[in-house]
Amino acid sequence: MADKIFRVNMSDLSASVEEVPSGWMGLGGRGLTSTVVAAEVEPTCHPLGAGNKLVIAPGLLSGTQAANSGRLSCGAKSPLTGTIKEANSGGTSAQMLAKHGVKALIIEGLPQADKWYGLQVSAKGVTILEETELVGCGNYEVVEKLNSRFGDKCAVITIGPAGEMKLTAANISVKDPGSRLRSCGRGGLGAVLGAKRIKFIAIEATDAKVDIAKPEAFQQAGRAFAKALVDNPISQALGQYGTNVLVNIINEAGGLPTRNFTSGQFAGHESISGETMHDIIVERGGRPKHNCHPGCVINCSQIYPGKDKKYLTSGFEYESIWAMGADCCVDNLDHIAEADHLMDDLGLDTIETSVA
Ligand code: SF4
């Protein structure tokens, strides 16, 4: 069971391991990150100042065999909205943190020196490392180099140049099982990590198991839950066309954000729809079904190749496609995919950037 809080204070570069307060034991993911921010962050603090805290938490069932339980939640006072913000993503970090027994990682304070740091997480706690090599690097390069440094199976949370520059559209990126990127997108939380001068968090790979009090009952409930997900027609549509299945549906309903939100229907909707995306991926030998973390039974992600049939982007979501497509009057999926790849590398959120 995840029963430890790992706390890092960047002001004095210290790290500690704490017991989880009893009131937080039944919480995980978004519920936990928002509760910690509400309890520990002064509402009037500057989001990029020493008073803000970035809280990272796996879900309650992360690290177990429960289907779709590997999402990671990040929370802080947002530099974009000034309020409590939560953003979450897939990737391998949530499951790895939970297997190390980490209920939440809380990062507070600001370093005194003009230096950058990386955090290395294991079951014993957090080690703060000075970092120079990866500063200024895009997220793809960061993941590649951390794979060499810590091994291919380590989990990685990182910020790109946008986070280093503390842009309010900066996201927090999370390595997926194929060493590609998923994003905790909204609210500029990458800027909070950048303000704390943390370029990456590397989580040691482990095969440790999360303790289950009643394994048989858990397995039985897990099977019923997975079956309910797999049998649901919405899950099946998501597995076939990804979240981009929504383009045609929402366009038909008149709610597709188009031309900077001045219209709800886009003439080029067919060219950027989930159905078209599926056909392009199949024709180019990509993967129309893909999971953002091990144990997902829906597989709404996909690997989208370019015209040269090489990897271009993955996790090509409805939100990115309406934002960089219909809302910007772009009706070419390859162009949107190229922009998606660039933004993943820079660590920029596709929605916040496109609607800015
Ligand atoms: S691949 Fe899609 S359905 Fe599966 S966990 Fe990730 S976001 Fe959810």
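The values are calculated or read from the model by the stated rules, or taken from the named source; none is laboratory data. Note that the coordinates shown come from a computational prediction; the quantities given were computed from them, not determined experimentally. For neighbour counting, all protein chains shown are included, and Cβ atoms are generated from backbone atoms with ideal geometry for every residue, glycine included.
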*Do you know which of the residues in the range 135-162 that are part of a helix (DSSP H, G or I) and among the hydrophobic types (A, V, I, L, M, F, W, C) is surrounded by the fewest Cβ atoms within 10 Å (Cβ to Cβ)?*
Phe150
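What about Ile303, is it modelled with pLDDT of 95 or more, among the aliphatic types (A, V, I, L, M) and crowded, with 23+ Cβ neighbours inside 10 Å?
Numbers: modelled with pLDDT of 95 or more: yes; among the aliphatic types (A, V, I, L, M): yes; crowded, with 23+ Cβ neighbours inside 10 Å: no.
No, not satisfied.
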_Within the range 311-331, take every residue that is in contact with a helix residue (DSSP H, G or I) (Cβ under 7 Å, 6 or more places away or on another chain) and not hydrophobic (A, V, I, L, M, F, W, C) and give me the one that is farthest from Ser273 (Cα to Cα)._
Thr313
_Take Gly194 and tell me if it is small (Gly, Ala, Ser), closer than 26 Å to Thr350 by Cα and assigned to a helix (DSSP H, G or I)._
yes
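Table: residues versus (1) outside the structural domain of Met25 (by TED's automatic domain parsing); (2) away from the ligand (no atom under 16 Å from the Cβ); (3) crowded, with 23+ Cβ neighbours inside 10 Å.
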{"residue": "Ser73", "(1), (2), (3)": "no, no, yes"}
{"residue": "Glu86", "(1), (2), (3)": "no, no, no"}
{"residue": "Ser89", "(1), (2), (3)": "no, no, yes"}
{"residue": "Val121", "(1), (2), (3)": "no, yes, yes"}
*Would a scan of the range 57-68 turn up a residue that is at pLDDT 95 or above, more than 16 Å from the ligand (Cβ to nearest atom), touching a helix residue (DSSP H, G or I) at 6+ places or on another chain (Cβ under 9 Å) and not acidic (Asp, Glu)?*
yes
*Selection within the range 1-37 - surrounded by fewer than 12 Cβ atoms within 10 Å (Cβ to Cβ) and in a helix (DSSP H, G or I)*: Ser22, Gly23
_Out of the residues in the range 176-209 meeting the condition of being hydrophobic (A, V, I, L, M, F, W, C) and either touching a Lys or Arg at 6+ places or on another chain (Cβ under 6 Å) or without any contact (Cβ under 8 Å) to a residue 12 or more places away in the chain (or both), tell me which one is farthest from Lys85 (Cα to Cα)._
Ala208
